[in-house]
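The values are calculated or read from the model by the stated rules, or taken from the named source; none is laboratory data. Given the structure is predicted, the values throughout are model-derived calculations rather than measurements. We place every Cβ from the backbone using ideal geometry, glycine too, and count neighbours over all the protein chains shown.
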Amino acid sequence: MKINLLRKSCLLICLFAGLSIHLQAQSTQIKGTVVDAENGSTLIGVNVLVKGKVLGTTTDFNGNFDLKLNMQLPITLQFSMIGYKTEEVEVTNTQPIQVELSEEILLGQEVVVSASRVEESILQSSATIEKMDLLSIQQTPADNYYKSMQYLKGVDVTQSSINFQIVNARGFNSTGNTRFVQLTDGMDTQAPALNFPIGNLNGPSELDVESVEFIPGAQSALYGPNAFNGIMRVTSKSAFDYEGISAFAKVGMNHFGADTEAGAPGSPQPMYEASVRYAESFNDRFAFKINASYMRAEDWYATNYDSDRNAGLQPEGFDFNPGKDAPNLMGDEAAINLAIFRFSNDWRSLTTLLNNTRPSDERIPAGQYADNFFLPNHVVSVSPYREHELIDYGAENIKGNVGLYYRPTDNVELSYLYNGGYGTSIYTGAQRYSLKNFSIHQHRLQAEGDNWFVRAYATLENSGDSYITEFYAKRVNDLRSSLLGSDGVSVWLGTYGYNYLSYLHNELGYSPSDDPNSISVAQQIDAHRYAETETERLYGAEPGSEEFNALLGPAAEGTVPNGPKFNDRSKLYHAEAQYDFSKKIGFFDLLVGGSFRMYDLQSNGTIFPDSPENPITIREMGAFAQASKKVLNDKLKLIGSIRMDKNENFNAVVSPRLAGVLTFNKTNNIRASFQTGFRNPTTQGQYINLDIISSRLLGGLPENLETYGIGTNPNLYTIESVNEFTGNIFATGDINPNLLETVENFKPVAPEQVQSFEVGYKSVINNKFLIDLVGYYNIYNDFIVQQRMRQAALNPDGTPNYLTLLNGTSDNTFQVYTNADKQISAYGFAGEVSYALPKNYNIGFNYNYNKLNTQDASDGFVFGFNTPEHKYNLKFGNRKLTEKIGFNVVYRWQSEFYWESSFGDGTIPAFGTADAQVSYKLPSKMMLKVGGSNLLNNYYIQSFGAPRIGAIYYVSITFDQLMN
């Protein structure tokens, strides 16, 4: 069926192309030269396009162009180049022409397509929109262009790894943003099993990027599901417009002054990045391009060993928590309350074995102690490993890109595009994941004309050797302490309880008949210290030792739930078409389009409950229409659009959008809009069934819920009430079912929706001073959240066995996707001012404010706004300080905020950092660039449990045949 889908898409493209092919009788040849209007030097790589057609060419290394057309004169040609004013020339004869282009600063006047899916001036766009062009990309002080998104107004960038950045806007940020759509040459870059963009791991290299457009806010009316917080469009260079060879190499260093006590490298580490691009066209009819790039670096180290996700469980009077669970310590997720052992026959068998290993005078009546409440109501966790001892910090990225382009007529362009990415990175989700030898590939077929396109693509994901780091730590601990069987962690924890009692008995002289309440806090602390030391002596394996290294290989074997690895080969298939009727109607502009998408989930049971015999597919389809009309002497532009989408697992969703742009005094624009957005629950939100040791992540579809009795089983209780119930048992020994709250009428997960109201103002004064202001107010309904619950097993007589609630496992504890009942809201403001100073200097400042209505978010759910309330960027630069030298400096700052996620909660401190670069044009079309990000090396973090990010200092050299 998947092959048939691609075949149908190919046939559709060919059919659509065939409808637009027509014969032209007369051949016309136009030659000419393009020069700089100021100094008369020839310009290389100027785009020469026939107005209203897809046909065009570029100037060669001598500034010349030669265009052969099957058209009659007169013909209008458009000459454009970044940094120069676009010129239109009407050609009436075949004599060679010379065109002069004048340099200009396009301050707020760039052409964009994201806001309305058709070309328009960014100044008159109905939505706030940011754009990075070729010059911005070349001049960025960030160590790669993708990270420079953080300099834009209203944009948040969060790093899980040195080569894995997540982009977001307007709140509800995360390390895997499923509320944001990133398109590269029209292809959604999400990984099918993750449902969020994977940064630039398979995107174009710096050499092949033509532009990046970013629109914050709800965009579902045009872009469908998940365009909830915004969209980003990355456009690569056409092989027709950018010919020749270019190459790029960069050497950098990081880990200056790293925290060696926390395990980070003791000396600076090298970073390498290189890429090459080659493109060529033949007779302006066929063209191809090839790209390849490689990146290697020692990743940033995540060293948060101090925060404690179990801080609320620290015993009173203790200066430490024996049940501590630190974000970047692996293995301490395995924990248990010591008081539970008095209910465990397995533990009593273990104590018998342990007694047999000791002299008779050191043996203890462990069972009697437990029955008399000598095991305290204290949670203890397994001694952990530091993250860097188990995770692969060797960040690597290998990317390849191939493009084939063919123009059968002046009106149609056919193309095939391949993007592939392979490498190793780190991602923070509910746990820390090592994306080791991960790969993702995309294949695209497209036919397009001046006012239409048809596109089909496939995304193929391969998890490679990716694994759950916490699970890996558990497997190491299982192997080092597998005394009674495969679950060695239980042996370690049981031995800890035995050693705790051993200290009371042999060191302090207690007997089971004594009063356990007579044990002082200081004695309890000493007993815990002894228990951990003695248990580690029995089962410990020092990281780096031969014993420890011998465990790593076997511990990595196997896939979930038997081992830490994934086995995911999920795929996404997408087809869409769009047609602009504006030229045919005339009275108003009309744009229509539609799409079909299918997810083919193939995790082989490691993420979803799928198998070769039980495949899981999800189908979505949608269609939209947009109409616009200029009135009041073209001063007011009105836009209305509507889209309907249907996912096979949910009801259809309708997304309307209304907007208006009022232009006065030519360059002053006021815009207002009402926009809607929605996102379907992710593939994981629908179908995940993942064992994460202490609980099970579970998708919210009815069939998943029914499997575990969620919503129908009366013996299913909220985790908050279970904690209160078990705490009472451990403290008093009393079983009080009245403390339990039953989970009733649990709602299956449904799409999440937002209504957004936005007002903005944008103006350019004398082409020197830009003002761009926007304010928004968002209302969210059916916000997708996760709810935790635990299930009691049944006694033979059908009554609940409440003691089975004492310990949480993946068999009885569930973290399930659902929707919040409460409506929530958020609001914010973003503003930017830029000024073009004399002699090519430019200064700019942008500020962002985002706020969640906290009274809306107080019903117990974790919404995870995760966005600083205040943030700003200050920019100063001159791309042409002299004919050869340019520079750029950016200082960015953000306020402290509180991070909430399934991985953990904690405060993200405020930070400010400066980035800068200096570029120097060398002979022979080469440019040298020296720069650094976080120049002052002030280490900071961007999310809870994330790596500490320090300075990167780099030197790069670029060769480009099109460099003027």
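Filtering the stretch 672-719 to residues that are within 30 Å of Gly230 (Cα to Cα) and modelled with pLDDT under 90 leaves only Leu690.
Does Gly544 satisfy the criteria of being under 28 Å from Leu479 (Cα atoms), assigned to a loop (DSSP other than H, G, I, E, B) and out of contact with any strand residue (DSSP E or B) (no Cβ under 6 Å at 6 or more places or on another chain)? Explain how you work it out, then say what you get.
Values: under 28 Å from Leu479 (Cα atoms): yes; assigned to a loop (DSSP other than H, G, I, E, B): yes; out of contact with any strand residue (DSSP E or B) (no Cβ under 6 Å at 6 or more places or on another chain): yes.
Yes.
Among (1) surrounded by 20 or more Cβ atoms within 10 Å (Cβ to Cβ); (2) at pLDDT 95 or above; (3) not in a loop (DSSP other than H, G, I, E, B), where does Tyr301 come up short? Condition not satisfied by Tyr301: (3). Filtering the stretch 631-661 to residues that are part of a loop (DSSP other than H, G, I, E, B), at pLDDT below 95 and either among the acidic types (Asp, Glu) or crowded, with 16+ Cβ neighbours inside 10 Å (or both) leaves only Asp634.
Does Ala326 count as touching a residue at least 40 places away in the same chain (Cβ under 8 Å), surrounded by 19 or more Cβ atoms within 10 Å (Cβ to Cβ) and over 23 Å from Asn419 (Cβ atoms)? Yes. Here the stretch 479-494 is the region considered, the condition is being of a type outside the set (A, V, I, L, M) and at pLDDT 90 or above, and the residue that is farthest from His388 (Cα to Cα) is Gly494. For the stretch 232-271, which positions are assigned to a strand (DSSP E or B) and either more than 24 Å from Asn397 (Cα to Cα) or over 27 Å from the mean Cα position of the chain (by Cα) (or both)? Within the stretch 232-271, Gly244, Ile245, Ser246, Ala247 meet the criteria.
Considering the conditions (1) in contact with a Pro (Cβ under 9 Å, 6 or more places away or on another chain); (2) surrounded by 22 or more Cβ atoms within 10 Å (Cβ to Cβ), Ile336 is excluded by exactly one of them, (1). Taking the stretch 210-249 as the range and being in contact with a helix residue (DSSP H, G or I) (Cβ under 9 Å, 6 or more places away or on another chain) and more than 28 Å from Ser641 (Cβ to Cβ) as the test, the residues that pass are Lys237, Tyr242, Ser246, Ala247, Phe248. Considering the stretch 401-426, and only residues there that are over 14 Å from Ser205 (Cα atoms) and aliphatic (A, V, I, L, M), the residue that is surrounded by the fewest Cβ atoms within 10 Å (Cβ to Cβ) turns out to be Leu404. Of all residues in the stretch 553-571, those that are more than 21 Å from His441 (Cβ to Cβ) and either within 28 Å of the chain's Cα centre (by Cα) or surrounded by fewer than 16 Cβ atoms within 10 Å (Cβ to Cβ) (or both) total 11.
Could you list, in sequence order, all residues of the stretch 137-147 that are within 15 Å of Pro204 (Cα to Cα) and of a type outside the set (Lys, Arg)? Hits for the stretch 137-147 are Ile137, Gln138, Asn144, Tyr145, Tyr146. If you go through the stretch 921-964 and keep only what is within 21 Å of Ile426 (Cβ to Cβ) and of a type in the set (A, V, I, L, M), you end up with Ile941, Ala946, Ile949, Ala951, Ile952.
One residue alone among Thr357, Thr352 is surrounded by fewer than 20 Cβ atoms within 10 Å (Cβ to Cβ), closer than 27 Å to Ala555 by Cβ and among the β-branched types (Val, Ile, Thr), and that residue is Thr357. The number of residues in the stretch 802-829 that are among the aromatic types (Phe, Trp, Tyr), farther than 24 Å from Ile688 by Cβ and assigned to a strand (DSSP E or B) comes to 2. Among the residues making up the stretch 358-382, those that are in contact with a Leu (Cβ under 9 Å, 6 or more places away or on another chain) and hydroxyl-bearing (Ser, Thr, Tyr) are Tyr369, Ser381.
Which of the strands (runs of 3 or more DSSP E) contained wholly in the stretch 711-782 include at least 3 residues that are in contact with a strand residue (DSSP E or B) (Cβ under 9 Å, 6 or more places away or on another chain) and under 30 Å from Ala370 (Cβ atoms)?
Output list reads 716-718.
Scanning the stretch 430-447 for residues that are crowded, with 19+ Cβ neighbours inside 10 Å and either farther than 15 Å from Ser238 by Cα or at pLDDT below 95 (or both) returns Ala430, Gln431, Arg432, Tyr433, Ser434, Leu435, Lys436, Phe438, Ile440, Gln442. When the residues of the stretch 900-943 are filtered to those that are surrounded by 18 or more Cβ atoms within 10 Å (Cβ to Cβ) and either in the same structural domain as Ser694 (by TED's automatic domain parsing) or β-branched (Val, Ile, Thr) (or both), the one that is nearest to Arg788 (Cα to Cα) is Ile908. Tell me, yes or no, whether the stretch 946-954 has at least one residue that is in a strand (DSSP E or B), farther than 30 Å from Arg788 by Cα, modelled with pLDDT of 95 or more and of a type in the set (Ser, Thr, Tyr). Yes - at least one qualifying residue is present in the stretch 946-954. Filtering the stretch 129-170 to residues that are under 20 Å from Val833 (Cβ atoms), free of Cβ contacts under 8 Å to residues at least 60 places away in the same chain and crowded, with 22+ Cβ neighbours inside 10 Å leaves only Ser148. Picking from residues in the stretch 606-630 that are in contact (Cβ under 8 Å) with a residue 12 or more places away in the chain and surrounded by fewer than 15 Cβ atoms within 10 Å (Cβ to Cβ), the one that is farthest from the chain's Cα centre (by Cα) is Lys629. All conditions in (1) surrounded by fewer than 18 Cβ atoms within 10 Å (Cβ to Cβ); (2) among the hydrophobic types (A, V, I, L, M, F, W, C); (3) not in a loop (DSSP other than H, G, I, E, B) hold for Phe587, with the sole exception of (3). Scanning the stretch 272-304 for residues that are under 22 Å from the mean Cα position of the chain (by Cα) and more than 30 Å from Phe240 (Cβ to Cβ) returns Arg296, Ala297, Glu298, Asp299, Trp300, Tyr301, Ala302, Thr303, Asn304. Annotation note: of Glu536, Glu532, the sole residue that is over 34 Å from the mean Cα position of the chain (by Cα) and at pLDDT below 95 is Glu536. Scanning the stretch 877-891 for residues that are touching a residue at least 60 places away in the same chain (Cβ under 8 Å), surrounded by fewer than 19 Cβ atoms within 10 Å (Cβ to Cβ) and touching a Leu at 6+ places or on another chain (Cβ under 8 Å) yields a single hit, Arg879.
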